[in-house]
Every structure is written in structure tokens, then in C-alpha cells.
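Undergrad: Once you've had a glance at the structure underneath, I'll fire off some questions.
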Amino acid sequence: MRHVVLLLVLLGLAVPAAASPRDDLVAAFGRGDRGAALWLAKPLAEQDDMLAQYMLGTLLRDDTGTRQEAAVWLRKAAEKGHVAAQGELGYLLFFELKSRAEGRSWIERAVRANYPPSFRDLGWILENEGRGAEGLKEAAEHYRRGTELNDRNATLLYANALLKGRGVAKDIAAAAALYCSLGRASGDLQCGKLLLQGAVPGKTASDGVVMLRRLSDQGNADARVALAEHLLNAPAGANDVDDAVKLLRLAAEQGHSAALFDLGALAIRGVGGPKDPRAAFEWYGKSAAAGYAAAYQRMGDIAVAGLDGRPDPAEALRLYRLGAEKGDPSAQESLAIRLYNDEAPTRDRAAAAALFCGLDTARANYNCAAAIFAGYAAEKDKAVAVRLVRKAAAAGHLTAIAELGNLLITGTNVEKDIAEGVRLTKQAAEHGSPVAYFNMGYICAAGLDGSQDYADALRWYRKAADAGNAEAHARIGWLMRYGPSELRDPAAAYAHFRKGAELGSTDALFQQGMALQDGFGVAQDETAAAGIFCQMTTTLGRYHCARMAIAGKARGLDKAAGLALLEALVKEGDRESIRLLAYYNLNGIGIRKNIPEGRRLVELDVAQGDATAMAWKGEMLEKGIGYERSLAEAVRWYERAAEQDQSDALLALGRIYEKGLRGKADPDSALRFYRRALQAGKAEAGAGVSRLSRRPDASTVLDVLPPQ
């Protein structure tokens with residue numbers, strides 16, 4: 001009966017000593033005697049009494065079966081200018097009879113007449129019609145005006161706006177003052193909560209406890225939950241787990257969904273009793289049944305871990321899906337993670353991407369970006385993905401910070417900024433990001449933060465490996481095999497290759513195969529190496545499988561199978577395979593020598609810009625193998641290969657210039673080529689460097705070797 005007091009004030013009515021039917025109606029309406037008021041209002045309303053029409057419409061509105069009739073009587077009074085009838089008709093039409101346009105028109109008319117409840121109604125409409133910040137601002141202004149007219153519902157909504165900063169500057173103290181002045185349970189509840197937070201000047205948390213305790217004693221379930229949560233989280237000395245559990249149980253008996261949820265959380269943590277996943281699952285189930293959607297996500301987590309030690313991923317997926325369908329963001333995110341990471345048939349990365357990209361948490365933003373980069377999302381613009389990574393990083397998501405650092409270092413879809421990339425990677429690593437540990441290893445090995453520091457790179461890769469990063473084991477093994485001499489440790493390198501392979505690293509698996517092939521850190525076993533290569537699906541693994549099958553080292557695969565695999569790789573355009581098959585044809589290894597086919601394959605590799613193939617073509621032209629002999633053409637191809645620092649071509653040019661095969665000998669040019677060949681790793685060039693460097697007229701300019 002939100003209108004009675006206001007009605008009497010508006011009409012200036014007072015009950016005279018000798019009561020008339022109209023006076024009896026007002027009295028019955030005022031004391032809430034619905035039956036008497038209805039009996040008295042109907043005949044007066046039919047006599048065109050405006051007040052009776054308003055009262056009859058208001059009374060009939062309370063029954064869903066008579067709301068259409070209520071609208072008839074309220075409209076009669078409204079059309080006569082009864083302000084309260086205009087406001088109540090507008091409310092009835094808009095919110096209950098769904099006649100939006102007419103209802104809003106009457107509400108706006110009542111607002112113009114300063115009818116207090118209609119400010120609240122119009123504010124709600126403005127807040128929820130989807131006009132963003134502008135609509136929120138207009139709504140807050142209407143709530144404020146309703147507050148000034150002492151409408152308590154408007155006051156409550158204005159306090160909510162101030163508390164959350166919706167449409168008005170956030171002002172917790174002002175919100176608290178309004179809540180605490182309302183004198184009704186909803187206001188006292190919020191007042192008590194803010195008192196606990198110290199948001200009311202001159203008041204303390206103890207005042208909030210007193211207020212919430214009073215409401216709790218009156219049976220207010222919301223107050224019981226708020227007080228219980230305070231008692232659980234209060235500092236030592238002020239907390240009281242037993243009292244909190246008692247309050248939560250009382251609220252749970254009232255069917256309070258949050259109380260049921262909190263009891264589940266206590267049971268899973270073992271607070272207030274032994275840790276009991278089954279009891280937690282049951283509490284969460286009751287909470288979900290009471291409408292608390294987030295409980296499904298918690299039930300899903302318990303199913304993943306397993307009730308009584310028996311994980312049930314199918315049940316977890318079902319529960320996450322239920323929570324997601326009810327709009328719970330945490331369940332949607334958990335469902336997306338499962339859909340993205342599960343194996344077939346439950347894996348659905350497109351559906352996972354849609355869920356991630358529909359959420360606005362830091363983790364979801366990052367995962368949406370990852371799905372865009374991987375091509376699973378409907379959004380294909382990589383710039384959008386970069387913006388999402390930046391947003392997640394700005395929100396403190398460690399993996400996003402590490403990934404943004406990596407994008408900036410590599411210049412992937414962003415302008416390269418190595419210094420900023422290194423800074424972000426360090427930031428993420430300092431806060432414990434395993435991804436950043438791995439990237440710091442790369443930064444140190446590549447010298448992106450100053451000089452190369454392989455020992456520090458090894459330290460970072462170890463941290464990443466300890467955190468479960470499979471690829472880090474591959475990098476550790478690589479440094480222990482190919483890095484500086486002080487880091488080399490064959491047995492430890494092989495152990496890391498094997499561990500990384502067990503964790504799923506394709507690179508570590510390949511390196512394990514190479515170590516077995518070469519006998520590095522483990523007894524040489526080419527058959528075992530071939531077994532590893534032949535189980536791989538990568539081009540590099542298949543290449544080595546073909547090579548070893550042709551050499552008779554692959555169990556279950558003969559030479560013909562190896563050649564067939566190599567020819568398939570050639571058709572796929574793999575340069576290493578083209579070069580190897582060319583080598584076999586040119587030298588008759590594993591197959592009958594076939595110079596024309598070897599030349600065809602060399603030309604195919606040359607067409608792809610391969611420097612080694614160019615050097616081979618130069619050698620074939622120099623020796624007249626497959627081509628008409630032409631030293632000039634040979635030199636031209638050697639020079640093209642040398643532009644890419646191909647070591648064989650550099651060595652050949654050194655020999656040609658030293659011996660003067662194209663005319664007069666040119667020792668200085670020969671020395672330069674020998675030095676470049678040595679720098680490119682061709683040890684045989686060292687003899688030429690030594691030989692020509694001893695000349696009295698030798699150039700004193702030395703090329704600087706790169707760091708090892």
C-alpha cells in the first residue's frame with residue numbers, strides 16, 4: 001500500500017465526525033482493509049467519483065486476474081487529472097500489462113506533476129533501455145529528484161547508483177548516509193554492510209555488527225548471511241566461525257541461496273568442521289536449486305577433482321553447461337576452458353572461443369585473443385586480439401603480460417618494441433608467470449637485454465621446466481648439447497629431452513631422437529632413433545624417418561617405404577627432402593644414380609631460393625655434372641649462394657680466387673672468402689686462412705667471429 005499516506009496528503013483529506021460512504025472508503029483503504037474498501041469503492045466509482053475510481057483501480061491491481069479492470073478504473077481517474085492515478089496507471093501498463101508506450105506516457109505525465117513514485121519508475125526505464133552512459137545519467141537524476149520528494153524506493157535506487165557509480169560520481173559515504181536514513185530493512189541492510197566497511201564517518205564496524213545482528217534477530221536472512229561472512233573474514237579476535245556457521249544454517253533453513261553456497265564453500269575448505277567434498281557438493285546443489293547459478297561451477301570443480309577420489313569429467317561438463325545456460329560467467333568460463341582443452345569428442349574450440357569472447361574478464365579476454373590468433377574465433381582481425389591482450393595485461397593477467405611482451409619482442413601483429421617487450425616479460429616473470437620464465441630464457445640466450453648470457457638463460461628455462469613447461473626441457477637440453485662448453489652435459493641433456501618428450505614437447509622428442517642417433521648422452525641406438533622419428537607427424541620427423549628407412553635403420557620400414565615417404569615430402573615442397581633426394585640421385589645412394597633427376601630436383605630447390613642448392617648447382621656446373629661445364633656460370637651461382645653466407649660456396653670461391661681459375665690469382669679476395677667460410681662454420685676454410693694470412697702482403701683486416 002505504497003500510496004495511502006501520500007494520497008491523504010495530496011487530497012488534504014481528514015475524516016469528519018459523521019462518516020459518509022466516501023469517508024468510510026478512505027478509512028478502510030488507509031487501514032488496509034481490502035475487502036471493505038472494495039465493497040465501498042465499487043458503487044462510488046460507478047457514480048464517477050474520481051477518488052473511488054483511483055482506489056478501486058489500485059485495489060484491483062493487486063490481483064493478477066483483475067488487472068485489466070484495474071486499468072479501466074485508473075484510466076478514468078487519470079483522465080480526470082488525478083496525479084496518483086496517472087502514476088499508478090503508468091506503472092500498471094508498463095510493468096505488468098506490458099503496454100510499454102502508453103504506460104511510459106502516463107509515467108512521464110505523472111513525473112511532470114511531481115508524483116514521487118513515478119520518478120523511480122521512469123528512472124528504472126531510463127536505466128534499462130540500453131542507452132549506455134547517457135541513460136544511466138538520466139536515471140540517476142530521476143532517482144535523485146524522487147529522493148528529494150521523500151520517495152523511499154527512489155532513495156534506495158539513488159543510493160545504489162551512488163554506491164556503484166552508475167550515472168553519477170561514485171560516493172560511498174553519500175550512499176551510506178541515504179541507506180542509513182531510510183528506516184526500512186533494505187536500507188538498514190546496506191547501511192550495516194557499509195558500516196562494516198568503515199564507509200560511514202563517525203561510525204565503526206561494531207556499529208554495523210549491531211545493526212546486522214538486530215536484523216538477523218528479526219529473521220532477516222540477508223542480514224544473517226552478511227553478518228556471517230563478516231564474522232568469517234574478520235581479523236583474529238573479531239572472527240567467530242561457530243557463530244557464522246550458526247547464522248548461515250539459519251539463513252539456509254529459510255532457503256537463502258547464498259547461505260547454502262557459503263556452507264558449501266566452508267565444507268570444501270574444512271572450515272567449521274572436517275573437509276567434506278560430498279557435503280559441499282550437496283550444499284552447492286541446494287544453492288543451485290534455489291537459483292544461485294554460480295553453484296553449478298563449484299559443483300563442476302568438485303566433479304573434476306572427483307567425489308570420493310573418482311573424477312567425473314562428463315558430469316563436470318554437464319554442470320558447467322547448466323551454470324553457463326543460466327548466465328553465470330564463472331561457469332561459462334570453466335565450460336569454455338573444458339571445451340577448448342578436452343579431447344574429442346567433447347572438444348569444441350569454436351564454441352569455447354564464442355564463450356570466451358562473450359565475457360569481459362581478464363582471463364576471458366586473453367583466451368579470446370588466443371582463440372583469434374589460433375583461428376578458432378568468429379573474429380578474424382588480429383588487431384582485435386592484440387587489443388584484448390593489452391586489456392587483459394592492463395588488468396594484471398600475468399600470462400597476458402608475458403604474451404604482450406612476446407608480441408612486442410617479435411613484432412607479431414604489433415610494431416616491434418624490444419625494450420618494452422623485455423620490460424613486460426621481466427614484470428610477469430617477477431610475479432611468477434611460467435610463460436614469462438620461458439621467454440626470459442629466450443631473452444637471455446638471444447642477448448635482447450644486453451649481452452648474451454647462456455647461464456642465465458639456463459636458469460630461467462629451469463624455472464619454466466619446474467613449473468611444468470615441456471618446451472623448457474627441450475631448450476635446457478639444447479643448451480647442454482650445443483651451448484658453451486661450460487654448460488655442456490650430455491647425460492643431463494638427454495634426460496631433459498626425454499622428460500620434455502614425456503610432457504608432450506615435439507621439439508624435445510625430436511632432440512631425443514637425434515641424441516639416440518648420435519649417441520649423445522645415451523648409448524647410440526639408431527633403430528630407437530628411427531622409431532621416434534617415424535612416430536612423429538612433423539615434416540622434420542618424417543624427413544629423418546625417411547632417411548633412416550632408406551639407410552635400413554627403421555624397424556618395419558624398408559628402403560622403398562623410405563623413398564615413398566621422401567617423395568611425398570618432396571611433393572609437399574620440403575626443401576630438406578628435395579635436397580636429400582637430389583643427393584641420392586646424384587650419388588646413387590639407396591637408389592640407382594640418376595643425374596637428370598638429380599638436376600631436376602636441384603633446380604626445384606634453387607627456384608625456392610635455397611642457398612645450398614645454388615652451391616650444388618655451382619659445383620655441378622664447375623665439374624660438368626648434369627650441365628655443360630662452365631666455370632663462369634659456376635662462379636655466378638657460387639656468388640648467389642655466398643650472398644646468403646652458404647659455407648660451401650664461400651669455400652669454393654676462396655679456392656677459385658686463390659688458384660686463379662678465372663684468370664690471375666687474387667689472394668686477398670680468396671682470404672676474405674675463406675674467412676667468411678670459416679665464420680659460417682666451414683672448418684676446412686681454416687687451412688686457407690692460415691696459408692694466406694702468412695703472406696707478407698696479407699690484409700691485416702680480420703673479420704670478427706660471432707659469439708659461440
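The values are calculated or read from the model by the stated rules, or taken from the named source; none is laboratory data. From a predicted model like this one, the values you see are computed outputs, not experimental measurements. No Cβ is skipped: glycine too gets one built from the backbone with ideal geometry, and neighbour counts run over all protein chains shown.
Undergrad: Say we look at segment 668-685 and pick out the residues that are in contact (Cβ under 8 Å) with a residue 12 or more places away in the chain and surrounded by fewer than 17 Cβ atoms within 10 Å (Cβ to Cβ); which of these is farthest from the chain's Cα centre (by Cα)?
TA: Checked segment 668-685; the qualifying residue farthest from the chain's Cα centre (by Cα) is 668.
Undergrad: Could you identify the single residue in 618, 573 that is surrounded by 14 or more Cβ atoms within 10 Å (Cβ to Cβ), in contact (Cβ under 8 Å) with a residue 12 or more places away in the chain and among the small types (Gly, Ala, Ser)?
TA: 618
Undergrad: Residue by residue through segment 626-667, note down the ones that are buried (at least 23 other Cβ atoms within 10 Å of the Cβ), out of contact with any Lys or Arg (no Cβ under 7 Å at 6 or more places or on another chain) and part of a helix (DSSP H, G or I).
TA: Scanning segment 626-667 gives 634, 638, 641, 642, 649, 652, 653, 654, 657.
Undergrad: Report yes if residue 245 is of a type outside the set (S, T, N, Q) and closer than 19 Å to residue 329 by Cβ, otherwise no.
TA: no
Undergrad: In addition: Hey, residue 122 hits all of (1) farther than 19 Å from residue 152 by Cα; (2) surrounded by 15 or more Cβ atoms within 10 Å (Cβ to Cβ) but one; which does it fall short on?
TA: Residue 122 satisfies all of (1) farther than 19 Å from residue 152 by Cα; (2) surrounded by 15 or more Cβ atoms within 10 Å (Cβ to Cβ) except (1).
Undergrad: Under 7 Å between Cβ atoms, at least 6 apart or on separate chains: pull out the pairs that start in segment 247-271 with a residue that is farther than 10 Å from residue 286 by Cβ and end on any residue that is of a type in the set (S, T, N, Q).
TA: Every condition considered, the pairs that remain are 247/216.
Undergrad: Looking at residue 503 and the list (1) within 19 Å of residue 536 (Cα to Cα); (2) surrounded by 20 or more Cβ atoms within 10 Å (Cβ to Cβ), which single condition is not satisfied?
TA: So the condition that residue 503 fails would be (2).
Undergrad: Follow-up question, since we're still on this one. Where in segment 461-545 are there helices (runs of 4 or more DSSP H), lying fully within it, with 1 or more residues that are in contact with a Phe, Trp or Tyr (Cβ under 6 Å, 6 or more places away or on another chain) and under 24 Å from residue 441 (Cα atoms)?
TA: In segment 461-545, 470-482, 490-502, 506-518 are the helices (runs of 4 or more DSSP H) which contain 1 or more residues that are in contact with a Phe, Trp or Tyr (Cβ under 6 Å, 6 or more places away or on another chain) and under 24 Å from residue 441 (Cα atoms).
Undergrad: Cβ contacts < 6 Å: first residue without any contact (Cβ under 8 Å) to a residue 12 or more places away in the chain, restricted to segment 583-605; second residue part of a loop (DSSP other than H, G, I, E, B) and crowded, with 18+ Cβ neighbours inside 10 Å, any location; separation 6+ or different chain. Result?
TA: Cβ pairs passing all conditions: none.
Undergrad: Right, residue 378: at pLDDT 95 or above, outside any helix (DSSP H, G or I), under 23 Å from residue 353 (Cβ atoms) and small (Gly, Ala, Ser) or not?
TA: Values: at pLDDT 95 or above: yes; outside any helix (DSSP H, G or I): yes; under 23 Å from residue 353 (Cβ atoms): yes; small (Gly, Ala, Ser): yes.
So residue 378 passes the test.
Undergrad: Just to be sure, is residue 586 surrounded by fewer than 18 Cβ atoms within 10 Å (Cβ to Cβ) and either assigned to a helix (DSSP H, G or I) or of a type in the set (Ser, Thr, Tyr) (or both)?
TA: No.
Undergrad: Would you check if residue 265 is within 29 Å of the chain's Cα centre (by Cα), of a type in the set (A, V, I, L, M, F, W, C), surrounded by 16 or more Cβ atoms within 10 Å (Cβ to Cβ) and within 29 Å of residue 304 (Cα to Cα)?
TA: yes
Undergrad: Another question, if that's okay. When you scan segment 304-317, how many residues do you find that are surrounded by 15 or more Cβ atoms within 10 Å (Cβ to Cβ) and without any contact (Cβ under 8 Å) to a residue 24 or more places away in the chain?
TA: 4
Undergrad: Further, regarding this structure: For segment 526-539: of the residues being surrounded by fewer than 16 Cβ atoms within 10 Å (Cβ to Cβ) and touching a helix residue (DSSP H, G or I) at 6+ places or on another chain (Cβ under 8 Å), which is nearest to residue 464 (Cα to Cα)?
TA: Step by step, filter segment 526-539, then rank; the result is 538.
Undergrad: Could you count how many residues in segment 166-223 are part of a helix (DSSP H, G or I) and of a type outside the set (Ser, Thr, Tyr)?
TA: Here the count works out to 33.
Undergrad: While we're here: Has segment 267-290 got any residue that is at pLDDT 95 or above, in contact with a Ser or Thr (Cβ under 6 Å, 6 or more places away or on another chain) and not in a helix (DSSP H, G or I)?
TA: Within segment 267-290 (the criterion being at pLDDT 95 or above, in contact with a Ser or Thr (Cβ under 6 Å, 6 or more places away or on another chain) and not in a helix (DSSP H, G or I)), the answer is yes, since at least one residue qualifies.
Undergrad: Whether any residue in segment 57-64 is among the β-branched types (Val, Ile, Thr), touching a residue at least 40 places away in the same chain (Cβ under 8 Å) and crowded, with 23+ Cβ neighbours inside 10 Å is what I want to check.
TA: Among the residues of segment 57-64, at least one is among the β-branched types (Val, Ile, Thr), touching a residue at least 40 places away in the same chain (Cβ under 8 Å) and crowded, with 23+ Cβ neighbours inside 10 Å, which makes the answer yes.
Undergrad: Let me ask something else. With the structure loaded, tell me whether residue 350 is surrounded by fewer than 20 Cβ atoms within 10 Å (Cβ to Cβ), farther than 24 Å from residue 395 by Cβ and either among the aliphatic types (A, V, I, L, M) or at pLDDT 95 or above (or both) or whether it fails that test.
TA: Working: surrounded by fewer than 20 Cβ atoms within 10 Å (Cβ to Cβ): yes; farther than 24 Å from residue 395 by Cβ: yes; either among the aliphatic types (A, V, I, L, M) or at pLDDT 95 or above (or both): yes.
Judged against the criteria, residue 350 is a match.
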